[in-house]
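Trainee: Dropping the structure in here first, questions after.
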Amino acid sequence: MSEEDRSSANSPAPEKIDRFEKARLEKLEKISEMGLDPFGQRFDNHVSISAAREMVPEASGVAGDVVRIAGRIMLRRKAGKLRFYDIQDQTGNLQLLFSRGDLSEEQWTLMGHLDLGDLIGIDGVTWRTDSGEASVKVSHLTVLCKSLAQPPEKYHGLEDEETKLRQRYKDLIYGDGVLHRLLKRSTIIDSVRQTLREQKFHEVETPVLHSIAGGAAARPFITHHNALDMELYLRIALELHLKRLMVGGIERVYEIGRVFRNEGVDKTHNPEFTMIEIYQAYGDYRTMMDLTEQIIVNAAKSVNESLILPWGSEGETIDLTPPWPRRPYAELFREHAGCDMTDSAAVTAVAAKLGIETVGMHPDVIVSEVFEATVEDHLQGPVFVTDYPASICPLTKRKQDNPDIAERFELFIRGMELANAYTELNDPRLQEELFRTQLAGLSEEDSMAKMDHDFIKALKVGMPPAGGLGIGIDRLVMLLTNSHRISDVIFFPLLRHERPRGGAAENAADQNS
């Protein structure tokens, strides 16, 4: 078999054209025969549909302003010699009124070659119908893109969960509120940046490819750089490079960036996600609590009318009105686990009842597992959980009066961790010792199983005492848009390879369990 034959044999068979696409192709040809480009050209000086709606006169039957708009056809209906179309852009929708008497024969014929889903440009005048509907009376129609795909069924829309995620473009067009929700993401991130700008923080960009996977305990994605013949890791955190910049003299620094962890997918985890990490010289974890509260409150105000936000569909709410309570880790552990976290025998007994494996585990790791199992679901919040066991916080400064406790907090809202912050450890000797302690016994494949000697060198130059903060942007957007799956606030979440037809429901369940 020739190379060409083998390539042909391995290529997927072309998709069969269904009757709907065939009918659309026929209309496309008719548009071309009229001397028009069915896929459109530049269309200048149009305004958004929301702006056009503002121009519609209050009185019915009175011509308003001349207007030019563009959008996608979403609905069509007939009424004698009139045709009513609804078009939509990212700002909203508007009714179009086509009258046989207002259009040339060619324009009326062109309108007949349109389908739901087509993108069109409209010149006309704003108008309010006798029934009070804001409209545009069309004087000229321009085809901007002929759609060859049949839209979802009119009343039920896009129902299959996997299709919504795999073909996000359809979900944005036809999903109720999807486009609006995902555009809020940009508004929220803009608000975060604005809050930090006002406090004189500098935004930077640090490497995505790391020679050592550090700054968090997570399994990395591994790649290889051919020219330098070296193994590299997609970053699992932003922390260590930002701290190097603090050493270099940038006293207030942050980065909003993509982070990659080669781990599972569920309602709050995607292997590729967005974080912000923020470092402030001469601050501590209490400084970061104040900043966290300010960032989230301002972001909430940017997309909601109130700080009391809806949550779920049963009328529940989240009240973000500051100040937020601050509860010590040990106090919450005692309250919900029923024992003191320093009582190893009692903690191990609770772990055994919960089915948590304890053999060979450090006592504080068992405490952490029990805390997660018994406490976190009760943290409806917002609540700052403070003062964690020091042994599970290797990058954190210890409390001066109790070296067994780290100056760390996590912010929980509705049982979901939203932020994690420390008083940053800046003693290079202790940092090196803690790295070695953490690395002891770890396998070579472990993400944290390599000492970052350059980071220790940087600390020896001198890093100011500082507070550091990380916030999961995707989870923040979830909270502020009443979304309960991370896949609902990421434009393109990671999915398995597409399965043969018939397995879609099962696959969707896998992705969103």
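The values are calculated or read from the model by the stated rules, or taken from the named source; none is laboratory data. All values derive from a computational prediction rather than experimental measurement. Neighbour counts are summed over all protein chains in view; Cβ atoms, including those assigned to glycine, are modelled from backbone coordinates with ideal geometry.
Trainee: Filtering the stretch 415-448 down to residues that are at pLDDT below 80 and of a type in the set (A, V, I, L, M), which residue is nearest to GLU277 (Cα to Cα)?
Mentor: So, considering only residues that are at pLDDT below 80 and of a type in the set (A, V, I, L, M), the one nearest to GLU277 (Cα to Cα) is MET448.
Trainee: What are the residues in the stretch 48-60 that are surrounded by fewer than 15 Cβ atoms within 10 Å (Cβ to Cβ) and either part of a loop (DSSP other than H, G, I, E, B) or of a type outside the set (A, V, I, L, M, F, W, C) (or both), if any?
Mentor: Within the stretch 48-60, SER50, GLU54, GLU58, ALA59, SER60 meet the criteria.
Trainee: Out of everything in the stretch 124-148 that is within 20 Å of GLN41 (Cα to Cα) and touching a residue at least 60 places away in the same chain (Cβ under 8 Å), what residue ends up being surrounded by the most Cβ atoms within 10 Å (Cβ to Cβ)? Walk me through how you get there before you give the answer.
Mentor: We begin by selecting, within the stretch 124-148, every residue within 20 Å of GLN41 (Cα to Cα); these are 124, 138-148.
After this cut, where a residue has to be touching a residue at least 60 places away in the same chain (Cβ under 8 Å) as well, the list is 142-148.
Numbers: THR142: 19, VAL143: 22, LEU144: 20, CYS145: 14, LYS146: 24, SER147: 18, LEU148: 18.
The residue in question is LYS146.
Trainee: Something else about it: Can you confirm whether ALA227 is at pLDDT 95 or above, small (Gly, Ala, Ser), surrounded by 14 or more Cβ atoms within 10 Å (Cβ to Cβ) and over 30 Å from LEU165 (Cα atoms)? Walk me through it before giving the result.
Mentor: Values: at pLDDT 95 or above: yes; small (Gly, Ala, Ser): yes; surrounded by 14 or more Cβ atoms within 10 Å (Cβ to Cβ): no; over 30 Å from LEU165 (Cα atoms): yes.
In short, no.
Trainee: Using beta carbons and a limit of 9 Å, which pairs, at least six apart or on different chains, have the first residue in the stretch 29-49 and at positive phi and the second one hydrophobic (A, V, I, L, M, F, W, C)?
Mentor: Pairs that qualify, where the first residue is at positive phi and the partner is hydrophobic (A, V, I, L, M, F, W, C), are GLY40/LEU119; GLY40/ILE120; GLY40/VAL143; GLY40/LEU144; GLY40/CYS145.
Trainee: Looking at LEU97, LEU75, which is the one that is buried (at least 18 other Cβ atoms within 10 Å of the Cβ) and aliphatic (A, V, I, L, M)?
Mentor: Of LEU97, LEU75, the one residue that is buried (at least 18 other Cβ atoms within 10 Å of the Cβ) and aliphatic (A, V, I, L, M) is LEU97.
Trainee: In the set THR374, THR358, which member is in contact with a Gly (Cβ under 9 Å, 6 or more places away or on another chain) and among the hydroxyl-bearing types (Ser, Thr, Tyr)?
Mentor: Details: THR358 fails: in contact with a Gly (Cβ under 9 Å, 6 or more places away or on another chain).
Exactly one residue qualifies, and that residue is THR374.
Trainee: Considering only helices (runs of 4 or more DSSP H) fully contained in the stretch 449-512, which possess at least 2 residues that are farther than 26 Å from HIS210 by Cα and at pLDDT 95 or above?
Mentor: Output list reads 473-480.
Trainee: Any chance you could count how many residues in the stretch 123-169 are of a type in the set (A, V, I, L, M, F, W, C) and out of contact with any helix residue (DSSP H, G or I) (no Cβ under 9 Å at 6 or more places or on another chain)?
Mentor: Here the count works out to 4.
Trainee: Just wondering, is there one or more residues in the stretch 389-404 that are more than 20 Å from ALA217 (Cβ to Cβ), in the same structural domain as ASP290 (by TED's automatic domain parsing) and outside any strand (DSSP E or B)?
Mentor: yes
Trainee: Return the residues of the stretch 306-329 that are of a type in the set (Asp, Glu) and under 21 Å from the mean Cα position of the chain (by Cα); say none if nothing qualifies.
Mentor: Within the stretch 306-329, none qualify.
Trainee: How many residues are more than 22 Å from the chain's Cα centre (by Cα) and in contact (Cβ under 8 Å) with a residue 12 or more places away in the chain when one looks only at the stretch 189-216?
Mentor: So the answer is 9.
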